[in-house]
1. Give me, ordered by chain and number, the residues 5 or more places off L221 or on other chains with an amide H under 5 Å from its own placed amide H.
2. When the helix-only estimate is applied to the chain (DSSP H runs of n ≥ 4, each -39,500 (n - 2.57), divided by the residue count), what is the mean residue ellipticity at 222 nm, nearest 500 deg cm²/dmol?
3. Obtain the nm distance between the two label points defined at A141 and R157 by a simple spin-label model: each point lies 7 Å from its Cα along the Cα-to-C-beta direction.
4. Name the shape class, rounded, prolate or oblate, that the alpha-carbon gyration tensor gives for the chain, where a ≥ b ≥ c are the square roots of its eigenvalues, rounded holds for a/c under 1.5, and otherwise prolate holds if a/b is larger than b/c and oblate otherwise.
5. Rounded to two decimals, what ratio of Rg to Rh does segment 119-251 give with C-alpha atoms and a Kirkwood Rh?
6. Is the shape of segment 1-126 best called rounded, prolate or oblate, per the rule: a/c under 1.5 gives rounded, else a/b larger than b/c gives prolate, else oblate, with a ≥ b ≥ c the square roots of the Cα gyration tensor eigenvalues?
7. Considering only DSSP beta bridges where both residues belong to the chain, give the percentage that are antiparallel (nearest 5).
8. For the pair K184 and A206, how long in nm is the line joining their label points, each one 7 Å along Cα→Cβ?
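Each value in this text was obtained by applying a stated rule to the coordinates, not by laboratory testing. Everything numeric in this text was worked out from a predicted model, so none of it was measured. Cβ coordinates were reconstructed from backbone atoms using ideal geometry, including for glycine residues, and neighbour counts include every protein chain displayed.
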Amino acid sequence: MSTPILWNLRPSETGRQIVMFPFLGGFGASFNGLVRGLGGDWDVWTVNPPGHGPSTEPPYRYLAALVERYLTALRDVLRPDAVLFGHSMGGVVAYHVLQAMAARPSFARRLPADLVLSAARAPERLEIGGRAQLPEDELLAHLLAFGAIPAEVAGDRSLIELFLPAFRADYQVLEDAKRLPPAKLDVRAHLVLGGRDPQTPEGSAAEWQAYFTEPVRTHVLGDQEHMFVLHDTERLDRILNDLERVAAWQR
């Protein structure tokens, strides 16, 4: 039996729905810390990509196929006015999922209202050329450099063989995203950046603006590097609940 693509980590019939897309190599449980730290009433769903974590399927290497798989799963559960949240690669994928939703009549009356891009760079500016084909030692060194994998994983042969195919597939998905031209979405977009993250340099917000009709709201966590989603849950909680209060006032 295949592992579900969507996990409802914190069910709520009354709370606003949020769907979380994981970072490179990540899976549904990668957001456990953030989910535990969320205040307020949220109906939390996380995406579990094929070939990642507990999934026994092969990983997807093409963006269009991955987006279609997510749309099929979301069609059964998505509620109006939801939030899509994606960290790093997850932000790029969430943007493309929302773009595809906007073109589907089946989602017309329940499109998400907010898109939160966490530590994500605009797709056309991604610096990922050739990463999927790097020799193993070079790929591991790169992943270790920005905290994508812990050192204990890099030192365990069995774990390397388990996880590296997912990272290579994810980089191929991002190469697809980089090749596509920007398409403007009419959604409230929020960009959360680490002030010390070299992967999202100064100007990242301006780069994303080409993808949205309205101004992108930017939040900078000045002391944080790339993987702040794993430990700075208090400030992410404040950002998410602030946008929920704004959305409630506008409704």
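1. The list, which skips near neighbours in sequence, is L193, G194, G195.
2. On the way: 8 runs with 93 residues, N = 251.
It lands at -11500 deg cm²/dmol.
3. Taking the simple label geometry, A141 and R157 are separated by 2.2 nm.
4. Values: a/c = 1.40, a/b = 1.30, b/c = 1.07.
Rounded.
5. Values: Rg = 17.0 Å, Rh = 16.8 Å.
Here the Rg-to-Rh quotient is 1.01.
6. On the way: a/c = 1.24, a/b = 1.09, b/c = 1.13.
Rounded, since a/c falls under 1.5.
7. Details: 4 of 29 bridges.
Just about 15 percent of them are antiparallel.
8. My value for the distance between the label points is 1.9 nm.
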